[in-house]
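A short write-up of the structure that comes next.
The values are calculated or read from the model by the stated rules, or taken from the named source; none is laboratory data. Nothing here was measured: the structure is a model prediction, and the numbers come from that model. Counting neighbours? That spans all protein chains shown, and the Cβs are built from the backbone with ideal geometry, glycine included. Just the protein is used for accessible areas: all its heavy atoms, side chains included, with ligands, DNA and RNA removed. Shrake-Rupley method; radii C 1.70, N 1.55, O 1.52, S 1.80 Å.
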Amino acid sequence: MAESLRLVAWNIRAGGGKRADGISNALVKLRPHAIVLCEFRSTPPSQSIAVALADAGLKHQLANYCEVPPGKNSLLIAAREPIKLVRLRKRPVEPGRWLMARLQISGFAIGGMHIPNQHTGRKPGYHDAVVDMARRWRHVPAVLMGDTNSGQIGIDEETPVFNRRTHNWFEKLGDAGWTDGFRHFYPERREYTWYSHRGNGFRLDQAFLSRPILPRLRSVQHRWLGATGKRRDALSDHAALIVDFDPSSP
């Protein structure tokens, strides 16, 4: 079997901080074709991660961070092939929480998402914008991936936290033709990508695939990078989301 075309989405927590070297090393070892990083920042640790990725071949990069304040969360997309910013009239407008790029050779698009928490009051608007965009999408095959701070009632939560509106967001994306990659393989599996201070788990990180690219999907997995047997020793409070595709065109 040919080597997979691998995408990785990971919330690196607060720009990486002292964990930056470990984060860089862990990402390089995965040998991804493209990466989406949430909570990337304009701080020196985050910038060092971008440099390390470029040195490892992921030199084509787009980021939407602000220089001021330097600690503001944003997104980074890095790839091994040229990428071009995708500008859509209908899209989430949250600063630093939406970024979309087209891979110029592979011919598909990656949309990086970092959806606000429920308490901000901005999550419903972001959800609606993603669904609106997904319904209108008539372009190249695409993957929307990242930290959505969202899940479905019962199956993506160890204790009740998701409401009906959040639950319905997944169903609306499905109705629009976008498939939750993890659920494509594991319809009933309980597996979590983030844990609260009380130790309750939630699956907050997802990849949604448009219909044309779904036949190329090989696997979806969550991995606590850097963990030495204990999740709390991992390099971030989020597990990395690893999505593998058949590299050939359908």
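If the only charges are +1 at each Lys and Arg Cβ and -1 at each Asp and Glu Cβ, what is the size of the charge dipole of the range 122-250 around the Cα centre, to the nearest 20 debye? Numbers along the way, then the final one.
Values: 20 positive and 16 negative charges, 27 e Å.
The dipole of the range 122-250 has a size of about 120 debye.
Can you give me the long-range amide H partners of Asn11? Hydrogens built in the peptide plane at 1.01 Å from N, cutoff under 5 Å, separation of 5 or more residues or another chain.
For Asn11, the qualifying residues are Cys38.
Mind putting a number on the dipole of the chain about its Cα centre? Charges go on the C-beta only, +1 for Lys and Arg and -1 for Asp and Glu, and I need it in Debye to the nearest 20. Can you show the working numbers first?
Values: 37 positive and 23 negative charges, 81 e Å.
Result for the chain is approximately 380 debye, rounded to the nearest 20.
Please identify the GluC sites (Glu not before Pro) of the range 131-196 that satisfy two criteria: DSSP loop assignment and at most 10 other Cβ atoms within 10 Å. Which are they? Kindly include the intermediate steps, with their values, before the conclusion.
Numbers: sites: Glu157, Glu158, Glu171, Glu188, Glu191; in loops: Glu158, Glu188, Glu191.
Within the range 131-196, the qualifying GluC sites (Glu not before Pro) (loop, at most 10 other Cβ atoms within 10 Å) are Glu188.
For the range 1-46, which trypsin sites (Lys or Arg not before Pro) are both in a DSSP coil and crowded by at most 13 other Cβ atoms within 10 Å? Each step should come with its number before you reach the end.
Numbers: sites: Arg6, Arg13, Lys18, Arg19, Lys29, Arg41; in loops: Arg13, Arg41.
Sites meeting the loop and neighbour criteria: none at all.
Checking the a/c ratio against 1.5 first, then a/b against b/c, what shape does the Cα gyration tensor give for the range 44-121? Please list the in-between numbers first.
Details: a/c = 2.45, a/b = 1.20, b/c = 2.04.
Since a/c reaches 1.5 but b/c is at least a/b, the shape of the range 44-121 is classed as oblate.
How do Ser248, Ser210, Ser106 rank by accessible surface area computed with a 1.4 Å probe, from largest to smallest?
Details: Ser248 60, Ser210 5, Ser106 30 Å².
Solvent-accessible surface, decreasing: Ser248, Ser106, Ser210.
So how far, in whole Å, is the C-alpha centre of the range 20-96 from the one of the range 204-250?
The range 20-96 and the range 204-250 have Cα centres spaced 17 Å from each other.
Using the Cα centre of the chain as origin and beta-carbon charges of +1 (Lys, Arg) and -1 (Asp, Glu), tell me which of Cys38, Thr120, Gly181 is placed farthest towards the positive end of the dipole.
Farthest towards the positive pole: Thr120.
Give me the dipole magnitude in Debye, nearest 20, for the range 179-232 about the Cα centre, with unit charges on the beta carbon: positive for Lys and Arg, negative for Asp and Glu. List each step's numbers first, then the result.
Values: 12 positive and 4 negative charges, 35 e Å.
It works out to roughly 160 debye.
Counting Lys +1, Arg +1, Asp -1, Glu -1, what net charge surrounds Leu30 among other residues with beta carbon under 9 Å of its beta carbon? Provide the component values of the computation, followed by the final result.
Values: positive: Arg6, Lys29, Arg31, Arg223; negative: none.
Net of charged neighbours comes to +4.
Under 13 Å from the Cβ of Gly107, count the other residues' Cβ atoms, weight Lys and Arg +1, Asp and Glu -1, and hand me the total. List each step's numbers first, then the result.
Numbers: positive: Lys84, Arg102, Arg216; negative: Glu81.
Once positives and negatives cancel, what remains is +2.
For the chain, with all protein chains present and a 1.4 Å probe, just round the carbon and sulfur fraction of the accessible area to a whole percent.
Working: 5660 of 11510 Å².
Within the chain, the accessible surface is 49 percent carbon and sulfur.
Which of the three applies to the chain, rounded, prolate or oblate, going by the alpha-carbon gyration tensor with a ≥ b ≥ c and a/c under 1.5 meaning rounded? Kindly include the intermediate steps, with their values, before the conclusion.
Details: a/c = 1.22, a/b = 1.05, b/c = 1.16.
Rounded shape, in that the Cα axes give a/c under 1.5.
Rounded to whole Hz and in sequence order, give me ³J(HN,Hα) for the range 212-218 from the Karplus expression 6.51 cos²θ - 1.76 cosθ + 1.60, θ = phi - 60°, writing x for Gly and Pro.
Taking θ as phi minus 60°, the curve returns x, 9, 4, x, 8, 5, 9 Hz for the range 212-218.
Per DSSP H run of at least 4 residues, take -39500 (n - 2.57); add these up for the chain, divide by its residues and hand me the 222 nm value, nearest 500 deg cm²/dmol. Don't jump to the answer; show the numbers that get you there.
On the way: 5 runs with 54 residues, N = 250.
When only DSSP H runs of four or more count, the value is -6500 deg cm²/dmol.
Return the sequence-ordered ³J(HN,Hα) values of the range 19-36 in whole Hz as given by the Karplus equation 6.51 cos²θ - 1.76 cosθ + 1.60 applied to θ = phi - 60°, using x for Gly and Pro.
8, 4, 5, x, 4, 4, 4, 5, 5, 4, 5, 6, 6, x, 7, 8, 9, 10
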